[in-house]
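Comments concern the structure below.
Here, each number is a calculation from the coordinates, and none is a lab measurement. Not measured: the values here are computed from a predicted model. Note that each Cβ is placed from the backbone with ideal geometry, even for glycine, and that neighbours are counted across all protein chains shown.
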Amino acid sequence: MKKVVFASVLAVTAGAAPFVPVALALDDGQSQTQGQGAQQGSTITIKDPAEYNAYTNAVGQSSPAAKASAIEQFLQQYPNSVVKEDMLEQLMAAYQQAGDANKTLDAAKRLLAVNPNNIRALFFVAYLEKSTAQGDQSKLDDAAQKAQTALNAPKPANMPDADYQKLKDTTTPVLEDIIGTDAVARKDYKAAIDAYTAELKAFKDPAQTQTGPGLLATYNLGNAYLQQDPKDLVNGIWFLTRAAQFAQPPYKDQIEKAAEYWYKKYHCAQTDTNCQNTLDGYAAIQQLAKNNIFPPADYKPVPAPPPPSPQELAHNAVASTPDLKTLALGDKEFILANGSPEDAGKVWDVLKGQTVQVPGTVISATADSVQLAVSDDAKQSQKADFTINMKTPLKEVPQPNTQVTYIGTFDSYTQNPLMIVLKDGEPPAPAKKTPARRPVTHRPRQ
């Protein structure tokens, strides 16, 4: 199976390896050329007839295995030949056609030692290193570096423009995908977005984005938008939705659920169960995504209204509670901290002068005053929100982080940062012990 995939992805790059016209220099100053269609000034001349014969024998082999063996023999016999780069390129193609990935990679690396900008060699090395990285970040980084070098490499001087364009069209999507994969592994989601976007743009036929590598790039691009910080829900929803339109089971259902989840997060208010159940407006987005690779101008998902502010929540609590005395202490504290002066004042009017028990975690303490974290938020941040000023000095000062309860009378407060002050604090009276009943004994009658 691996050989089939390898061959299908790389066949164009290897199969299109150019045949460079090579000539034998003759004594009369003319040349005998091997190959057809030589361009003016593009023919390589071999002066040694034996080397020329070895060359023609090697490139003339019909089977990939025989051709690779003959080229290896040629390179061993003529390591500094003027056709070394051409022979290494044909050797790489022969090994690829034979389905030998390891020897293809070795030939590609040997070719890069001769010409570091050889696009085909860079492509093979990048592709094979990425395919075999298996979590090796350094190997994946090198694959991405080779891919970027291939994208930036100049057109070979002896390659016709049409062949060069065909080569670029074939290799660019794969090279960008390698760069994107490496970026995701490094958690550089901005670079991943750039790479996967370039990959999708490199496909000449929109149908190529609806299956195989193009469809996977669409899905990967959506995930990259959702993994960056902060998340880009608008673009993430788009590309996941498009991927879901063309994915096959069982992946289709998984991608659809992910796209719908993020759409609800973006479009539906948390309290709007009708929106969440019906996915209001999502069907139109699905149709747009099916017909467009990238978001068109009319893709404008409506965001959910912002949640109520803390001040609005505080006001709603005051307005909806006929008797503010019935509010829990935590709710009263929330209103004091976040309410408008009017709402906070209403709650404080209920609290001031009231004597209550206050349990909490000690933040700091002296004999005369104890600062407590009472609310869950205060405990989590380890910041005091209550101060208990003692009626008489404590005989035993509590240690930080201990759990205590004091009785005190609400005296004052400040809103920002919130601090509620109680006076006349004292520990709760110990529970009275019920005296043990003495057993009744009866004296025997005399």
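Observations on the structure shown:
- Database remark: amide H of Gln61 closer than 5 angstrom to no amide H (H placed geometrically; neighbours at sequence offset of 5 or more, or on other chains; Pro and chain starts carry no H).
- 0 to 90° range, to nearest 10: angle between helix 212-227 axis and the chain longest Cα axis: 30 degrees
- Contour minus Cα-Cα distance for Ala429 and Asp48 (0.36 nm per residue): 126.0 nm
- Projecting the Cα atoms of Tyr266, Pro230, Ala297 onto the charge dipole of segment 202-303 (Cβ charges, centred on the Cα centre) puts Ala297 farthest toward the positive pole.
- Alpha carbon centroid spacing (whole Å) that separates segment 83-107 from segment 269-300: 50 Å
- A simple rule links phi to the HN-Hα coupling: the Karplus curve 6.51 cos²θ - 1.76 cosθ + 1.60 with θ = phi - 60°, which for segment 247-257 gives 5, 9, x, x, 5, 4, 5, 5, 5, 4, 5 Hz, with x for Gly and Pro.
- Charge dipole (debye, nearest 20) of the chain; +1 at Cβ of Lys and Arg, -1 at Cβ of Asp and Glu: 2200 debye
- In terms of surrounding Cβ atoms within a 10 Å radius of their Cβ, Met92, Met419, Met390 rank from fewest to most as Met419, Met390, Met92.
- Phi angles of segment 197-203 translate, via the Karplus equation with coefficients 6.51, -1.76, 1.60 and θ = phi - 60°, into HN-Hα couplings of 5, 5, 4, 5, 5, 6, 6 Hz per residue; Gly and Pro are given as x.
- Footprinting exposure proxy for Leu175, Leu140 (fewest neighbouring C-beta atoms within 10 Å first): Leu140, Leu175
- Spacing of the two label points (7 Å from each Cα toward its C-beta) at Ala162 and Lys290, in nm: 3.9 nm
- Label reach from Asp377 (point 7 Å along Cα→C-beta): in segment 399-421, amide nitrogens under 18 Å belong to 413-421.
- Taking other C-beta atoms within 10 Å as the exposure proxy, Glu199, Glu396 rank Glu396, Glu199 from fewest upward.
- Using C-alpha pairs below 8 Å separated by at least 6 residues, the relative contact order for segment 108-193 is 28 percent.
- When Kirkwood radius over Cα pairs in Å is calculated for this entry, the matching label among (1) 29.4; (2) 22.1; (3) 26.9 is (1).
- Residue-count net charge about Pro295 - beta-carbon cut-off 12 Å; Lys, Arg +1, Asp, Glu -1: 0
- Segment 354-428 - percent relative contact order, Cα under 8 Å, separation 6 or more: 34 percent
- Rounded to the nearest 10 degrees, the inclination of helix 101-114 to the longest alpha-carbon principal axis of the chain is 70 degrees.
- Once the Cα atoms are used to define both axes, helix 341-351 deviates from the longest principal axis of the chain by about 50 degrees.
- Ignoring lysines fewer than eight residues from Lys395 along the same chain, the ones with Cα atoms less than 19 angstrom from its Cα are Lys423.
- Entries of Lys231/Lys265; Lys264/Lys300; Lys201/Lys290; Lys264/Lys290; Lys190/Lys231; Lys84/Lys168 with Cα pairs more than 18 Å apart: Lys264/Lys290; Lys84/Lys168
- When the chain is treated as a Gaussian network with alpha carbon springs shorter than 10 Å, the biggest mean-square fluctuation among Ala258, Ala217, Ala328 belongs to Ala328.
- Over the chain, relative contact order from alpha-carbon pairs under 8 Å, at least 6 apart, %: 6 percent
- Segment 354-428 shape via C-alpha gyration tensor axes, a/c threshold 1.5: oblate
- Charge sum, other residues only, whose C-beta stays under 11 Å from Gln245's C-beta, Lys/Arg counted +1 and Asp/Glu -1: +2
- 16 Å Cα-Cα reach of Lys325 towards lysines, excluding residues that sit fewer than 8 places from it in its own chain: Lys346, Lys352
- Within-12-Å neighbourhood charge of Pro173 [Cβ basis; K, R +1; D, E -1]: -2
- Within straight-line cross-link reach of Lys204, aspartates and glutamates at Cα separation under 20 Å, skipping those fewer than 8 residues along the same chain: Asp161, Asp163, Asp169, Glu176, Asp177, Asp194
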